[in-house]
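The values are calculated or read from the model by the stated rules, or taken from the named source; none is laboratory data. Just so it is clear, the model here is predicted, and its values are computed rather than measured. Ideal geometry is used to build each Cβ from the backbone, glycine not excepted, and the neighbour counts take in all protein chains shown. Accessible surface is based on the protein model in full, side chains and every heavy atom, while ligands, DNA and RNA are left aside. Shrake-Rupley method; radii C 1.70, N 1.55, O 1.52, S 1.80 Å.
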Amino acid sequence: MTASRPTTGRTEAVPASGTVHWIGTGLSTGSSGLGALCDRAARVVLWDRTADRAAARLAALGLTGRAEVGALDPGVLEAAVGTGDVVVSMLPATEHPRLLRLARDRRAHFACTSYVSEAVAEQAAEAAEAGIVVLTEAGLDPGIDHLMAHRLVGRAREAVGDTAESVDFTSYCGGIPAVPNDFRYRFSWAPYGVLAALGSPARYVSEGAERTAARPWEATRVHRLDGAEFEVYPNRDSLPFITQYGIPDGWRLRTFVRGTLRNAGWRDAWEEVFRTVSAGDESRTRALAKELADRYPTTETDRDRVVLSVALDVRTADGAGWQGSCLMDLTGDETESAMARCVSLPLAFGITRLLAGALPAGLNRATESAEEAGRWLDFLGDNGLRITYDETTTQQRGDRA
């Protein structure tokens, strides 16, 4: 079940032109990531509904003069994108297929931070035949979590091999208030989307069996990191990532879960939300989302916090074992939110790898090898995303070496 990438029979990627079209100026467009990209790309164009809005966003990021600006008037973007350019979608995920189609039509490459949808996957298969690179899942979660997972799986395989009796893998990420309020959350993006996501079932592995949580919050448990207490619950479908992370067939999974992290007390604070989501009344859910967003907005004085924890524990039948963990805990400041930095920096590095010709044509999810993940993690560390890494090896029984 080890993940692999075909090395033959693929169309060579169209050479990158060096021009990057960054489309969207929302809260995930951070000064760190966009600034790093401006340092490395030959030309960056920031696109918004109007050129004035794009210029204002550049000024707010302290990047005036570092990039050009463009207005998303009908036909203007289409005319501006050339062969080998990179189209970066920072718009909602529903807009990705349209922009990917534009990139394909112009023989340009495409990048975003979102999970791969069916529509994007289908177009990426066609893009591969045309030599177009499609970079996805290259933000925080998904993105940095993938890097951590590949590093841990790679190190564990080096330590214990591809056969293990018991394996526990967990990956939890959360954007939370740095100073918890009574609701244990502040809204910084699509309020309805936050609530609606809770209605999607989660699949994961627990106690050696595949499980489905129809109401993910009902699987909430306490999670302790560096002496602090959080709450975590499974999110989406974890099972496809077993293959994506290169988990060997010979590893017997006891736990495999990717999920969401929240401040302690979150489940109690959200009881009204859970009742509403369970009722299945979309109009009431939308009304509650708006009410809560008005009551708990993110203001200029609020500071956000991003916590990402990925851990792997591998035990063999003869008593050998390996444990490893990666932890990133970042609080935003007056210059940039933690979320913007954590989303835009890995995306920027992925785009520079694309510009350098290091990514093959077709679908790419951040990175899919431990070696390449190391390059990304080094870049993130050099740019202020401090990640704590720990590992411990347990010797076999009777081994006195």
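The table below gives the values:
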quantity	calculated
Per-peptide average of other Cβ atoms within 10 Å, ordering 375-388, 64-77 highest first	375-388, 64-77
Cα→Cβ-extended label distance, 7 Å offset, between TYR115 and GLU210, nm	1.6 nm
Backbone HN-Hα couplings from phi across segment 160-175 [Karplus 6.51/-1.76/1.60, Hz, Gly and Pro as x]	10, x, 9, 10, 8, 7, 8, 10, 10, 10, 9, 9, 10, 9, x, x
FRET efficiency for ARG101 and ASP378, using Cβ-Cβ distance with R0 set to 41 Å, rounded to 0.05	0.75
Separation in nanometres of the label points that stand 7 Å from Cα toward Cβ, at ASP249 and SER166	2.5 nm
Accessible area expressed per residue, segment 144-302, with surrounding protein chains retained (probe 1.4 Å, Å²)	46 Å²
Amide H partners (placed H, <5 Å) of THR260, local residues excluded	CYS173, TYR233, ASN235
In Å², nearest 10: area of GLU118 left accessible to a 1.4 Å probe	150 Å²
Accessible area (Å², 1.4 Å probe, nearest 10) - TRP251	10 Å²
The chain - mean residue ellipticity at 222 nm from DSSP helices (-39,500 (n - 2.57) per run, n ≥ 4, rounded to 500)	-10000 deg cm²/dmol
Most to least accessible of CYS342, CYS38 (protein chains only, probe 1.4 Å)	CYS38, CYS342
Sequence-separation-based contact order of the chain, relative, with Cα cut under 8 Å and 6+ spacing, percent	24 percent
Inter-label distance, nm, simple model (7 Å from Cα along the C-beta direction), ASP237/THR301	4.6 nm
Prolate/oblate/rounded label for the chain (Cα gyration tensor, a/c 1.5)	oblate
Contour minus Cα-Cα distance for THR50 and ALA130 (0.36 nm per residue)	25.6 nm
Solvent accessible area, Å² - ASP302, 1.4 Å probe, full protein context	40 Å²
Listed peptides 351-364, 303-316 by packing density, highest first (mean Cβ within 10 Å)	303-316, 351-364
